[in-house]
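The values are calculated or read from the model by the stated rules, or taken from the named source; none is laboratory data. These numbers come from a predicted model, not from an experiment. With ideal geometry, Cβ positions are generated from the backbone for all residues, glycine too; neighbour counts draw on all protein chains shown. Remember, those area values only see protein heavy atoms, side chains included, never the ligands or the DNA or RNA. Shrake-Rupley method; radii C 1.70, N 1.55, O 1.52, S 1.80 Å.
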Amino acid sequence: MTRLTGRALRLTVFVGERDTWHHKPLYSEIVHRAHAAGLAGASVFRGIEGFGASSLIHTSRLLSLSEDLPIAVVIVDTEPRVRAFLPQLDELVTEGLVTLDDCEVIRYAGRDDTPGGADTKGKNSL
């Protein structure tokens, strides 16, 4: 079970929904590489509206502009582990934005599937 508390680094990668890597969604490739690198975790968030370097506003409200909505991939781990992952992003992200933020992890723990651990709803048993 992975545990992480205290000082950490948050890596956020902003790309477009249509961005690809070898015919696969770019956000998915980033998540799979983060997993393979042993990082603590990664989440993908789909934006409902936004613009970037092109200054073109993409929104889910207009069908014609909803095909390339903003995507944010967020990864949190220790600073050395996140910084070691950055060269992979240099290879993958040709258009987009990559940010790093210091953060503090209050609690991060995986589910405990052992008897007496978390129940089937993910809540701790008493």
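Considering only residues in the range 94-126 that are among the β-branched types (V, I, T) and modelled with pLDDT of 95 or more, the one that is farthest from S55 (Cα to Cα) turns out to be T99.
Applying the criterion of being of a type in the set (D, E, K, R) and either at pLDDT below 95 or within 16 Å of A36 (Cα to Cα) (or both) to the residues of the range 75-89, the residue that is surrounded by the most Cβ atoms within 10 Å (Cβ to Cβ) is D77.
In the set A53, A37, A72, only one residue is within 14 Å of V98 (Cα to Cα) and open to solvent by 30 Å² or more (accessible area, probe 1.4 Å); that residue is A53. Considering the range 1-23, and only residues there that are open to solvent by 70 Å² or more (accessible area, probe 1.4 Å) and among the charged types (D, E, K, R), the residue that is farthest from D90 (Cα to Cα) turns out to be R3.
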